[in-house]
Structure formats: C-alpha cells, structure tokens
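Worksheet for the structure shown next.
The values are calculated or read from the model by the stated rules, or taken from the named source; none is laboratory data. Note that the structure is predicted; figures quoted are calculated from it, not measured. Note that each Cβ is placed from the backbone with ideal geometry, even for glycine, and that neighbours are counted across all protein chains shown.
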Amino acid sequence: MIELFTLGGYGTVGRNMTLVKYKDEAVVLDIGLHLENLIRFSGENDDIRKTESPEELMKAGALPDLIRHKTLLDKVLAIIPSHAHLDHVGGVPYLYRFFRKAEIIGSPFTLAVLNELERGGRRKAASIQKIRLSVNGKHRVSRNIKVQFVSASHSVPDAVFVVVQTPDGNVVYANDFKIDFSPGLGSLPNLRKLSKFRKPKALVMDSLYAGKMGKTPSESVAKEMLSDVFLQVKNQKGAIFITTFSSHIARLKEIVEISRKCGRTPVFIGRSLFKYMTAAESIDLVDLSSKHRIVRFNDKIVSLLRKVEQNPEKYVVVCTGHQGEPNSVLSRIVYNRLYGFSSKDSVIFSSIVIPGEENIRNRERLELAIDKTRARVFRDIHVSGHASREDHRELLDTLLPEKVFPAHCELSSSKILKDFVEASYDSKVIIASEHERHAF
C-alpha cells in the first residue's frame, strides 16, 4: 500500500510539500515557501531577516506546518525538491532539521540554488548528504523506494518530473511544468522516458491554469515579445528598466542578448538576482556576471543609477520587483525617487502577477506610481511556465494515471480540472486539502 500525505500546496498557491510513504519508509517532494504570506510577514521574498524561527514561519503560513506530523518525519529518507523556485525549495533550509534520516536529492541547478540560499543566511543543511542527479537520472533511496527524474520544462532550469517507484506502483510528481520544446535554455521535456511509467497509481499535477484553454506559449514567444518592445522604444533615448523572475535564467539570458543587439549595456540590481545568477554560473549553465555589473548592496545602487541618468540610452537596468514587493529594488527606486524617470524612459514587467490579493494590490500601487512619473509601462511581456489545458492533456495522454491530485492551485481550478479529466479519461480526480492522508 502507498500512502500520500498532502502537507502543503493543495487548495492554495505555494507552500508545496507532499509526502509519499511505503510501509515504514517515506520521501518528501518539495518543501516550499508561501510567498504571499512570507511577504506579508517579513516584507521580503528573497531573504528572511526578521526571524530565524521555523515555528514562527509555520504559524504565519509561510511554511508547511510539520508540527502535527511529527510521527511521520522520522520515516523520511529523502527530501526531493522538483525545481529551484522558492515555493518548492525555499523551505528546505528551515525545516531540514525536522528530518533525522533524510538526504537531499536534486538536479544540478536546484542544488546550486539551495547552496546559495544557505549562504544567504538561512539555516544550513550541511549536515545532510546532498545527492546531485542529472535531469534524467535515478537513485535508489532504499530497498523498496527508487526515484527517477525525468526532464521537464518550466520557467527555471533543471526542473524535473519526479517518479517515486515502489513495489506496489508509482507516484508521478509534476509540480510545476509546461510542455515546451523551445525553452531557450536547458533540457527538453522527456515525454518518451515519462511514458515508461504509464498508469501510475497517482499523478500530482500543477493545476494553476486548469481553466485556461489552449497551450501555454513557448519561451521563444517571450523572446519575440521582448524584442518587439526594445525596437518600439529604440528611438526614445531613455533608459529601459526591466523586472522579471530572478530564477528565470533563460529570460535573463534573452534580455542580455537583446540589450547587446540594441547597443545597450545591461546591469543587474538585487540580492535574489545575484543568488540565482551565481547558482547558474556555478554549474556552467550561463556566464552573465563576467561582462555585466551586478549590484546587490544598497550603498552601490544610488551611484549606479546616477551613472544611468547621465547616459540613459546606453543602459538596461534589470532589477527585482515584478510583483511590486514593497522592499524590492524597483519599488525602492520609484517610491524613494532614486532615479529621475521621464517620458523617455520605459519600464517593462516581464512577468505576470502571481495570484493573490497582496500581490495584485502591490503591483497596482507600483504601476500607478510609475505612471505618475510619465515613464512608459509595458506589462505582461511574458509567457507562463505553468501548464494550460492542452499541456495537461498531453501529460495525461502520456501517463493515463489511476488518480490525479490537482496541486499548486485554488479550489476553483481543482474543480475545473476534475470536470475535464473525469469527462475525458478513466482517471479519478482527488480534490485534496492540506494535511490529508490518501492510501491506494
């Protein structure tokens, strides 16, 4: 018998954590942060400086609540983050101490980011063995449990589908993904390999956009959108400020390439940008910092912006703040008037707003403040890393699972997925809440 415990990310966006147990052994898939709750609690989304207490963060809803599951934790032999986004890996440095026997298994970029998070002040998981697998690698956790990675495409490098293999069947963890065969960076989704694990007992599936018809566009489309905006503002003679997800290395690479073609020098500002770029370079994924300036300290930002003001048409300023976070670089530049914006300048949001009232409110406030400076604003210059209806269909056709657990989504999206799947497949959809046990 396989048991699946929904510890986080079910009925909500973020705080992802699933425990799969076979007999007296278990593995944990993801330990993530709830970013909206974290920002509300600490005002930060890349560093937590007001507290080092996991208990406080659990109470604030920023981390999965493990207190009620203490009897399970000693059975965990491995912690397996599926990719390097904070809502999937960000909780590992805080909660690893709850697991006495666990090793950490991850893809190269995921483990590189975890190392950077530890260096940034979070509690270190140095005492836990870390096993680095290729994006299509495999590892035997115990006599009864094996783990197989299968390369997936998402908005971060080295994302994987995780297959947990037991004598009683398999569980496939697809949280997060889209089907993109032109990802701009990294491996292609390996659906052929995934098909070898057809008819798993359960599929945990990213269902954030279950209600979105069609297929999520490729990252190559985002590159064309960015190119179009750069050409549109080419003759403005102003600076370009652009903000995107710090973990989106493919997007950062595209920004550098487009900036160079337009004769502009890209500069990077922000701690989280520094961390993710350093992680990518540590595994030779890209080389962004050797030829471009990265500023992560407050005392350096003002002097850099003064330099940009002198020759604005020569620069592209890449900074944090795509969600309008109050303490992000872009918010501080705008609210504290660290740069004198004019009608010649452009601000590009190469992102969407992550669902959540706090995020929507913060972004609206920031865009309104930018609009008052008369700078041009370009929003949604972005394609998502999350699956839409046709991506879900392709994964379901590949696997034909017995049960499907919608994850990383609100209840409304789970219900939409349930209607679609049960009308089209023989699979049963389980709409789970956090802290449930399911056996099959």
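So how many residues does segment 320-365 have that are surrounded by 18 or more Cβ atoms within 10 Å (Cβ to Cβ) and among the charged types (D, E, K, R)? Residues meeting the conditions: 4.
Of the residues making up segment 279-307, just one is surrounded by 13 or more Cβ atoms within 10 Å (Cβ to Cβ), among the hydroxyl-bearing types (S, T, Y) and modelled with pLDDT under 90, namely S289. Being buried (at least 17 other Cβ atoms within 10 Å of the Cβ) and either without any contact (Cβ under 8 Å) to a residue 40 or more places away in the chain or within 15 Å of V421 (Cα to Cα) (or both) is the filter here, so list the residues in segment 188-207 that pass it. Scanning segment 188-207 gives P189, A202, L203, V204, M205, D206, S207. Pairs under 6 Å by beta carbon, first residue more than 19 Å from S342 (Cα to Cα) in segment 303-328, partner acidic (D, E), six or more apart or different chains? As it stands, the answer is N327/E44, since those pairs meet every condition given. Just one of (1) buried (at least 19 other Cβ atoms within 10 Å of the Cβ); (2) in the same structural domain as R192 (by TED's automatic domain parsing); (3) modelled with pLDDT of 95 or more fails for C409. It is (3).
Checking each residue in segment 214-241 for being in contact with a His (Cβ under 9 Å, 6 or more places away or on another chain) and not in a helix (DSSP H, G or I) picks out only T216.
Within the set A174, A78, A102, A84, the sole residue that is under 20 Å from R251 (Cβ atoms) and surrounded by 19 or more Cβ atoms within 10 Å (Cβ to Cβ) turns out to be A84. So is D391 in the same structural domain as S413 (by TED's automatic domain parsing) and either assigned to a loop (DSSP other than H, G, I, E, B) or among the acidic types (D, E) (or both) or not? Answer is yes for this residue. Answer yes if at least one residue in segment 118-137 is of a type in the set (A, V, I, L, M, F, W, C), buried (at least 17 other Cβ atoms within 10 Å of the Cβ) and in a helix (DSSP H, G or I), and no otherwise. No: segment 118-137 contains no residue that is of a type in the set (A, V, I, L, M, F, W, C), buried (at least 17 other Cβ atoms within 10 Å of the Cβ) and in a helix (DSSP H, G or I).
Looking at N170, N144, N190, just one residue is more than 19 Å from D397 (Cα to Cα) and at pLDDT 95 or above, and that residue is N144.
Of everything listed in (1) surrounded by fewer than 22 Cβ atoms within 10 Å (Cβ to Cβ); (2) in contact (Cβ under 8 Å) with a residue 24 or more places away in the chain, the single unmet condition for D371 is (2). Output the number of the condition that Y173 fails; it satisfies all remaining conditions of (1) part of a loop (DSSP other than H, G, I, E, B); (2) within 16 Å of the chain's Cα centre (by Cα). Answer for Y173: the failing condition is (1). For S246, the test of being of a type in the set (S, T, Y), at pLDDT below 95, outside the structural domain of E402 (by TED's automatic domain parsing) and within 15 Å of H154 (Cα to Cα) is passed. Looking at segment 269-276, can you tell me whether even one residue there is part of a strand (DSSP E or B) and at pLDDT below 95? The answer is yes, given that some residue of segment 269-276 is part of a strand (DSSP E or B) and at pLDDT below 95. Quickly run through segment 394-420 and pick out the residues that are polar (S, T, N, Q) and either part of a strand (DSSP E or B) or closer than 24 Å to A250 by Cβ (or both). Residue satisfying the conditions is T398 alone.
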